[in-house]
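> Here it is, the structure, as structure tokens.
Every read-out reported here was derived from the displayed coordinates using simple, explicitly stated rules and does not represent laboratory data. The shown structure was predicted, so the numbers you read here are calculated from the model rather than taken from an experiment. Virtual Cβ from ideal backbone geometry, glycine too; neighbours counted across all protein chains shown.
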């Protein structure tokens, strides 16, 4: 992933959050992993000017207070947040969840593997994809240019 930018993990299950942290460590992903436990906390994190904007958001769907779908509806309607790529990382294989997530412009939808080795491979794939991905530069506004200027190139 982009080296200097954090990854925001929105996940209410502490075991799953620890598994993501462990996978980052095993894969030597150097991005800081910021963890929030629901959509409300994620929006608070994203609206805090003291925090760096994440290069990608890993989002669970089934959470208390504000679930992932509710979070997506708000984040993707916000001009300052909608360009942050979101990858759904969830246990839900429900077709309606997949369809709704893509309607709300997610970059990907991954069902959490139960097996740790497969989970690490899923995180490796996310890391590789976002390390190689380029964000659009054409017709950027001032805020877009500031956001882009804060991203650094892949490793």
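> Convex hull volume of the Cα atoms in segment 7-150, per residue, in Å³?
Taking only Cα atoms, segment 7-150 has a hull volume of 110 Å³ per residue.
> What order do you get for 114, 29 when you list them from fewest to most C-beta neighbours inside 10 Å?
Final ranking by Cβ density, sparse to dense: 114, 29.
> Something else about it: Need the C-alpha centroid separation for segment 33-53 versus segment 63-134, integer Å.
Distance between centres, Cα-based: 16 Å.
> Take 84, 57 and order them by how many other Cβ atoms sit within 10 Å, fewest up front.
Lowest count first: 84, 57.
> Something else: When a footprinting reagent is the concern and you count Cβ atoms within 10 Å, what order do 133, 93 take, fewest first?
93, 133
> Using a Förster distance of 30 Å, how high is the FRET efficiency between residue 79 and residue 128, based on the Cβ-Cβ distance and rounded to 0.05?
That pair, residue 79 with residue 128, gives E of 0.55.
> Moving on to the next point. Could you give the length gained on full extension between residue 13 and residue 28, defined as 0.36 nm per residue of separation minus the Cα-Cα distance, in nm?
Result for the pair: 3.1 nm of gain on full extension.
> What are the radius of gyration and Dmax of segment 1-61, computed over its Cα atoms and given in Å?
11.2, 31
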